[in-house]
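J.: Input: one structure, supplied below.
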Amino acid sequence: MSLPENKESVEYGESLYKYDFLTGERLEHKFGSGVIGGEPVFAPSSPDSEEDQGWVMCLVHDENTNSSKFIIVDAQDFESDPVATIHIPQRVPYGAHGSWMPN
């Protein structure tokens, strides 16, 4: 994984990783060349769902086009294309993140 020159001191990259600590397996969700992801958030599909039953959500920035998007990845089909992509009409800076909490 290579980072853009102006991002060398920051821990952002072109992929997300999913680890199974019991088996040692590592899965990779690739954003693409020059597409850098921020801090992902996991949203379970229900309160009693399996450990990885839900979605991984992440803001990403495409350094090639200077555009940002919000992607949603099926956590049980982690290496596949996102199930949804929301294009954002303006640049979202690195480090932007959020959390979702019940009422």
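J.: What ranking of 83, 73 emerges when the number of other C-beta atoms within 10 Å of each C-beta is taken as an exposure proxy, fewest first? List each step's numbers first, then the result.
T.: Details: 83 11, 73 23.
Listed from fewest to most nearby Cβ atoms, that is 83, 73.
J.: How long are the semi-axes of the ellipsoid equivalent to the range 5-88, from square roots of 5 times the Cα gyration tensor eigenvalues, in whole Å, largest first?
T.: Ellipsoid half-lengths, sorted descending, are 24, 16, 10 Å.
J.: How high is the relative contact order of the range 5-88, in percent, counting Cα pairs under 8 Å that sit 6 or more residues apart?
T.: Contact order relative to length: 21 percent.
Laboratory data are not the source of any read-out in this text; all were calculated from the coordinates shown. Bear in mind the structure is a predicted one, so any value in this text is a computation, not a measurement. With ideal geometry, Cβ positions are generated from the backbone for all residues, glycine too; neighbour counts draw on all protein chains shown.
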